[in-house]
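Comments concern the structure below.
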């Protein structure tokens, strides 16, 4: 059913999809950010791009049947480097098969009969927090996702800034933080200290004991384990240094941090704040670091906000990024 057959209404819905390496989540979303229906399945990442697109389309159809409504448009936050203009995945990790080069927007649009817009999943996270979350109303911001790796995104002048090759904001792969080898093969990137995978590795190196992941290291730190606390001290300080450098270059005041390691904010924030106090921008304005408050829904809601933005302005959520506003 074509989008122009719908009158602008708070009952209308778009689909937001978070298509990650391990799981795919789809929601139907109202203009105010209310999730009307939601479903999650394992991502068929090893089966190829067509299989992943088919799985995402099936989720949307399932939700449409549950709600008894067709979507006006679809937004997708996908893992990898995205050519947003052409709707194509241009680069992806080895955990995906036949993903790089896949025309996701065109394929998914053909399956659903609706317009589809895609973006990187970290960009979707930042858009979600700026549309409905901790940065609602902000025009300029830095988004950082602390998960298995470290992802980044930028918003400037009210819009997501992708860069000419779609890779703007990749703060996790900025150098100068250590002498360790990053997952990308280069040396010293922020990701070597602040990602969930690296936090577990750094703890094991300090203590001589393996950890199941950053969450376990956080639990040990809260129980008084000196090695665990030192690991988070280093991670938080490195994150603060990266934020200070990026915000100084871009003259951006607001930063939002999300991802699984965000659950250890009580351990990351103190060293991060100390680093920022010692390295404030030369302009003297205060940097404000916000922990994301949408949790695992940030990327799907950001994808939904991108879908709303493709429609008639009367259907765009009132909290979508506004030029000239500030937090």
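The values are calculated or read from the model by the stated rules, or taken from the named source; none is laboratory data. Keep in mind that this is a model prediction, so the values were computed, not measured. No Cβ is skipped: glycine too gets one built from the backbone with ideal geometry, and neighbour counts run over all protein chains shown.
How many of the residues making up region 88-100 are assigned to a loop (DSSP other than H, G, I, E, B), surrounded by fewer than 21 Cβ atoms within 10 Å (Cβ to Cβ) and touching a residue at least 24 places away in the same chain (Cβ under 8 Å)? Even if it seems obvious, please write down each step before you answer.
Residues of region 88-100 that are assigned to a loop (DSSP other than H, G, I, E, B), as a first pass: 92-100.
Of the ones still in play, those that are also surrounded by fewer than 21 Cβ atoms within 10 Å (Cβ to Cβ) are 93-95, 97-98, 100.
Add one more test, that the residue is touching a residue at least 24 places away in the same chain (Cβ under 8 Å), and what stays is 93, 95, 97-98.
Adding up the residues that qualify gives 4.
Listed residues 157, 176, 169, 236; which is within 27 Å of residue 254 (Cβ to Cβ) and either in the same structural domain as residue 95 (by TED's automatic domain parsing) or touching a strand residue (DSSP E or B) at 6+ places or on another chain (Cβ under 9 Å) (or both)? Spell out how you get there, then give the answer.
Working: 157 fails: either in the same structural domain as residue 95 (by TED's automatic domain parsing) or touching a strand residue (DSSP E or B) at 6+ places or on another chain (Cβ under 9 Å) (or both); 176 fails: either in the same structural domain as residue 95 (by TED's automatic domain parsing) or touching a strand residue (DSSP E or B) at 6+ places or on another chain (Cβ under 9 Å) (or both); 236 fails: either in the same structural domain as residue 95 (by TED's automatic domain parsing) or touching a strand residue (DSSP E or B) at 6+ places or on another chain (Cβ under 9 Å) (or both).
Within the list 157, 176, 169, 236, the selection yields 169.
Would you confirm whether or not region 148-157 contains a residue that is modelled with pLDDT under 90, closer than 30 Å to residue 35 by Cβ and within 14 Å of the chain's Cα centre (by Cα)?
As a first pass, look at region 148-157 and keep what is modelled with pLDDT under 90: 148-149.
Next, only the ones that are closer than 30 Å to residue 35 by Cβ stay: 148-149.
Now drop any that are not within 14 Å of the chain's Cα centre (by Cα), which leaves 148-149.
Yes: region 148-157 contains one or more residues that are modelled with pLDDT under 90, closer than 30 Å to residue 35 by Cβ and within 14 Å of the chain's Cα centre (by Cα).
Spot the failing condition for residue 71; the list is (1) in a loop (DSSP other than H, G, I, E, B); (2) surrounded by fewer than 15 Cβ atoms within 10 Å (Cβ to Cβ), and only one is missed.
(2) is the only condition that residue 71 fails.
Only one residue in 274, 262 is in a helix (DSSP H, G or I), at pLDDT below 95 and at negative phi, so which one is that?
None of the others qualify; the one that does is 262.
Scanning region 181-211 for residues that are in contact (Cβ under 8 Å) with a residue 40 or more places away in the chain and surrounded by 19 or more Cβ atoms within 10 Å (Cβ to Cβ), which turns out farthest from residue 238 (Cα to Cα)? Steps first, please.
Residues of region 181-211 that are in contact (Cβ under 8 Å) with a residue 40 or more places away in the chain, as a first pass: 190-191, 193-197, 199.
Cutting the leftovers down to surrounded by 19 or more Cβ atoms within 10 Å (Cβ to Cβ) gives us 190-191, 193-196, 199.
On the way: 190: 7, 191: 9, 193: 7, 194: 7, 195: 11, 196: 14, 199: 12 Å.
Among those that are in contact (Cβ under 8 Å) with a residue 40 or more places away in the chain and surrounded by 19 or more Cβ atoms within 10 Å (Cβ to Cβ), it is 196.
Given the criterion touching a strand residue (DSSP E or B) at 6+ places or on another chain (Cβ under 8 Å) and in a helix (DSSP H, G or I), identify the matching residue among 300, 289. Before you say what the answer is, go through the steps one by one.
Details: 289 fails: in a helix (DSSP H, G or I).
Selected residue: 300, the only one of 300, 289 that is touching a strand residue (DSSP E or B) at 6+ places or on another chain (Cβ under 8 Å) and in a helix (DSSP H, G or I).
Do we have any residue at all in region 60-67 that's surrounded by fewer than 17 Cβ atoms within 10 Å (Cβ to Cβ), assigned to a loop (DSSP other than H, G, I, E, B) and either out of contact with any helix residue (DSSP H, G or I) (no Cβ under 6 Å at 6 or more places or on another chain) or free of Cβ contacts under 8 Å to residues at least 24 places away in the same chain (or both)? So that I can check it myself, show each step before the final result.
To start, the set of residues in region 60-67 that are surrounded by fewer than 17 Cβ atoms within 10 Å (Cβ to Cβ) comprises 61-62, 65-67.
If we keep only those that are assigned to a loop (DSSP other than H, G, I, E, B) as well, we get none.
So far as region 60-67 goes, no, none of its residues is surrounded by fewer than 17 Cβ atoms within 10 Å (Cβ to Cβ), assigned to a loop (DSSP other than H, G, I, E, B) and either out of contact with any helix residue (DSSP H, G or I) (no Cβ under 6 Å at 6 or more places or on another chain) or free of Cβ contacts under 8 Å to residues at least 24 places away in the same chain (or both).
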